[in-house]
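What follows is a single structure, written as structure tokens, with notes after it.
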Amino acid sequence: MIRPLLRTLTGAALIALAGLAPVSASAQEKNSAAASAEARQLREQIRTDALAPVAGTRNGDVTVVLFSDYQCPYCRRFNSTLDALIAADPKVRVVYRDWPIQGQASVLAARAAIAAQYQNRHGAMHAALMNGPVRLDAASVKLAARNAKVDWNRLQADMKTHKDEIDSLLVRNYRFAKIMGLEGTPGMLVGTYVVPGAADLKTMQQAVARARKANEG
């Protein structure tokens, strides 16, 4: 079973995803190896998803997986930090895992952002939603699409056509967030570390550096 193992890093509490072995000494080595393999497999599943939007360097050596909600004010604050991290580190890859936990408007915004990929406009749609009003509704999501130069009629068609795939992604995102022990948004997986909350740039750079040094990206 995968459990969070608490570690510390200057500026924030970082949680390492690691397998904790049973107390039985005779089976400890075998079970520890199996748990470590399971942990690696889980991290790879969280980092790799055909439908989850990606930013930064697609073949980066460290992946930051962001769990966020478009109606979360802390996510909006962190968005500029993440943009600064991407700009400062050309080897960082970012995976967006929408975790809409603040109601139906958040779900609508997440679906729209994911569906904008079919027009190759996720980045613009993401920015428009992050820079729009905190309290969203159908009208503000439509306005975000217009500001992002996303064809609204096509977006609605894509959201309908790909509804099952998009909703399945949101289910996976929710499941992974719970496995990681996240209690709210934003939350990030950086290498083997979970960074909860709106961390500052220095903390994110430290987490990336630690993941890179340990080759855990």
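When both residues are 6+ apart or on different chains and their Cβ atoms are under 8 Å apart, which pairs have a first residue that lies in region 39-56 and is more than 24 Å from N120 (Cβ to Cβ), and a second that is in a loop (DSSP other than H, G, I, E, B) and among the β-branched types (V, I, T)?
From residues that are more than 24 Å from N120 (Cβ to Cβ), the pairs are A39/T192; R43/T192.
Only residues that are among the aliphatic types (A, V, I, L, M) and not in a helix (DSSP H, G or I): list them for region 126-158, please. It would help to see each step written out before you state the result.
Narrowing region 126-158 to residues among the aliphatic types (A, V, I, L, M): 127-130, 134, 136, 138-139, 141, 143-145, 148, 150, 155, 157.
Matches in region 126-158: V134, L136, A148, V150.
Mind checking which pairs have a first residue in region 142-161 that is under 17 Å from V107 (Cα atoms) and a second that is outside any helix (DSSP H, G or I) and of a type in the set (V, I, T), Cβ under 9 Å, 6 or more apart or different chains?
A144/V150
Against the conditions (1) in a loop (DSSP other than H, G, I, E, B); (2) open to solvent by less than 20 Å² (accessible area, probe 1.4 Å); (3) of a type outside the set (D, E), where does A110 fall short? Just the number, please.
The number of the failed condition is (1).
In region 104-127, is there at least one residue being under 18 Å from A50 (Cα atoms) and among the hydroxyl-bearing types (S, T, Y)?
yes
Being in contact (Cβ under 8 Å) with a residue 12 or more places away in the chain and part of a helix (DSSP H, G or I) is the filter here; which residues of region 197-212 pass it? Don't jump to the end; show me each part of the working.
If we filter region 197-212 for residues that are in contact (Cβ under 8 Å) with a residue 12 or more places away in the chain, which is where we start, we get 197-208, 210-212.
Scanning region 197-212 gives L201, K202, T203, M204, Q205, Q206, A207, V208, R210, A211, R212.
If you scan region 171-196, which residues turn out to be touching a residue at least 24 places away in the same chain (Cβ under 8 Å), open to solvent by 20 Å² or more (accessible area, probe 1.4 Å) and hydrophobic (A, V, I, L, M, F, W, C)?
I179
Tell me, which residue of region 40-59 that is part of a strand (DSSP E or B) and open to solvent by 30 Å² or more (accessible area, probe 1.4 Å) is farthest from D89 (Cα to Cα)?
V54
What's the total number of residues in region 113-125 that are part of a loop (DSSP other than H, G, I, E, B) and either open to solvent by less than 70 Å² (accessible area, probe 1.4 Å) or touching a residue at least 24 places away in the same chain (Cβ under 8 Å) (or both)? Before the answer, list the steps.
The initial filter retains those residues of region 113-125 that are part of a loop (DSSP other than H, G, I, E, B), namely 120-121.
Within this subset, residues satisfying the condition of being either open to solvent by less than 70 Å² (accessible area, probe 1.4 Å) or touching a residue at least 24 places away in the same chain (Cβ under 8 Å) (or both) are 121.
Selection size over region 113-125: 1.
Looking at I101 and the list (1) in a helix (DSSP H, G or I); (2) among the β-branched types (V, I, T); (3) farther than 30 Å from R212 by Cβ, which single condition is not satisfied?
Unmet condition: (1).
Could you list, in sequence order, the residues of region 63-93 that are surrounded by 21 or more Cβ atoms within 10 Å (Cβ to Cβ) and either modelled with pLDDT under 95 or in a strand (DSSP E or B) (or both)?
T63, V64, V65, L66, F67, S68, V92
The values are calculated or read from the model by the stated rules, or taken from the named source; none is laboratory data. Worth saying up front: this structure is predicted, and the values here are computed from it rather than measured. Every residue, glycine among them, receives a Cβ derived from its backbone with ideal geometry; neighbour counts consider all protein chains shown. These area figures cover heavy atoms from the full protein model, side chains too; ligands, DNA and RNA do not enter into them. Shrake-Rupley method; radii C 1.70, N 1.55, O 1.52, S 1.80 Å.
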